[in-house]
Amino acid sequence: MRNQLAARAVLLFVLGLFLLPGGRAIAQTKSPAQKQYEELIFSVRGPDLFRAHCAPCHGSEGKGNGPAASALKTRPADLTVLAKNNGGKFPTERIQKFISGDAPSMLSHGSREMPVWGPIFHQVEEDQDFGNVRLQNLVKYLMSIQQK
């Protein structure tokens with residue numbers, strides 16, 4: 001009997017959220033910040049991916065001065081000089097492997113404090129895999145911010 005009363009109370013509460021004026025809006029409303037964050041996470045656009053996953057450490061301009069940089073043991077790389085530091089040619093394959101975690105050993109290039117984004121990029125959607133698209137678009141974006 002008590003279980004039935006408790007179940008009815010819960011049912012009435014839930015129905016009240018949806019049936020009372022404004023209840024539906026309360027149940028479905030997300031903050032603008034939450035909506036923007038979800039758009040960044042689900043995006044396949046290079047600039048969006050950079051803002052969501054890279055900018056906290058590398059900074060909005062990719063210079064290694066993001067808000068989380070001071071908390072790291074190793075300063076994040078300046079991503080705007082990757083081509084300059086590679087004889088003027090952007091190291092596309094090396095950067096793809098580093099981001100995805102497929103590089104054989106990056107220990108000689110510093111610590112591996114940077115998260116491996118490859119598996120994360122592949123697991124965003126439940127029904128489709130845009131991981132490789134995200135990786136390629138992020139690398140293209142990094143190519144576009146190189147110092148001239």
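Annotations for the structure displayed:
- Compared with the direct C-alpha span, the chain from Thr74 to Arg45 gains 7.7 nm at full extension, assuming 0.36 nm per residue.
- When each of Lys30/Lys97; Lys30/Lys148; Lys35/Lys84; Lys35/Lys140; Lys73/Lys140 is checked by Cα-Cα distance, pairs over 31 Å: Lys30/Lys97; Lys30/Lys148; Lys35/Lys84
- Between Glu61 and Lys30, the contour length at 0.36 nm per residue exceeds the Cα-Cα span by 8.3 nm.
Bear in mind that the values in this text are calculations on the coordinates, not laboratory data. Just so we're clear, the structure is a prediction, and the values are computed from it rather than from any experiment.
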